[in-house]
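Notes follow once the structure below has been shown.
The values are calculated or read from the model by the stated rules, or taken from the named source; none is laboratory data. These numbers come from a predicted model, not from an experiment. Reconstructed Cβ throughout: ideal geometry from the backbone, glycine too, with neighbour counts over all protein chains shown.
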Amino acid sequence: MDTSSNTATEKSNKEVTLGNVYVMTHSLFSDIIKVGCTPEDPNEYAKSLSAKTIGEYSLVFSLQCEFPCRVKRQIKEYLSAQEYVNEFYQVSPEVAAKLLTRETLKIPVISN
């Protein structure tokens, strides 16, 4: 039995508790942004992505927060109408940055 796929699934199901939500642009697509989350430094992450593709990724905006992948999922819901493909959206970086800021500033409500 191959356990490597089980390990990969477990890692993807583990949620990062502290990390960064980011907005990036790519040099080949002027009107497309990438929204994602990473436990790494977002500038270093942009460099590592750029090393794997043609063109360059540039970090436009990032926020360190708790549960960054939850924040990213919420932002993806807000941007679903502008979805280009996967984590790429046809929306201005400024709009995405405002959404990220607003989402991370929400005060949690405890229900009884």
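Take the residues of segment 13-28 that are modelled with pLDDT of 75 or more and either assigned to a loop (DSSP other than H, G, I, E, B) or polar (S, T, N, Q) (or both): which is nearest to residue 72 (Cα to Cα)?
Of all residues in segment 13-28, those modelled with pLDDT of 75 or more come to 17-28.
Within this subset, residues satisfying the condition of being either assigned to a loop (DSSP other than H, G, I, E, B) or polar (S, T, N, Q) (or both) are 17, 20, 25, 27-28.
Working: 17: 13, 20: 9, 25: 16, 27: 22, 28: 23 Å.
Among those residues, the one meeting the criterion is 20.
Going through 96, 51, 46 one at a time, which residue ends up being modelled with pLDDT of 90 or more and within 13 Å of the chain's Cα centre (by Cα)? Can you show your working first?
Details: 96 fails: modelled with pLDDT of 90 or more; 51 fails: within 13 Å of the chain's Cα centre (by Cα).
After applying the criteria, what remains is 46.
Quick check on my filter: what residues within segment 29-53 are surrounded by 20 or more Cβ atoms within 10 Å (Cβ to Cβ) and in a helix (DSSP H, G or I)?
42, 45, 46
Taking segment 18-39 as the region of interest, how many residues are under 11 Å from residue 64 (Cβ atoms) and of a type in the set (Phe, Trp, Tyr)? Even if it seems obvious, please write down each step before you answer.
From segment 18-39, those under 11 Å from residue 64 (Cβ atoms) are 18-22, 37-39; that's our starting set.
Checking the rest, the ones that are also of a type in the set (Phe, Trp, Tyr) come to 22.
The total comes to 1.
Looking at segment 5-12, can you tell me whether even one residue there is surrounded by 15 or more Cβ atoms within 10 Å (Cβ to Cβ) and either at pLDDT 75 or above or not in a strand (DSSP E or B) (or both)? Steps first, please.
First pass over segment 5-12, keeping only residues surrounded by 15 or more Cβ atoms within 10 Å (Cβ to Cβ): none.
No, segment 5-12 has no match at all.
Restricting to segment 73-97, name every residue that is within 21 Å of residue 16 (Cβ to Cβ) and of a type in the set (Gly, Ala, Ser).
Matches in segment 73-97: 96, 97.
Could you list, in sequence order, the residues of segment 54-69 that are farther than 25 Å from residue 17 by Cβ and assigned to a loop (DSSP other than H, G, I, E, B)?
54, 55, 56
Looking only at segment 70-100, filter to residues that are assigned to a helix (DSSP H, G or I) and of a type in the set (Asp, Glu); which one of those is nearest to residue 33 (Cα to Cα)?
94
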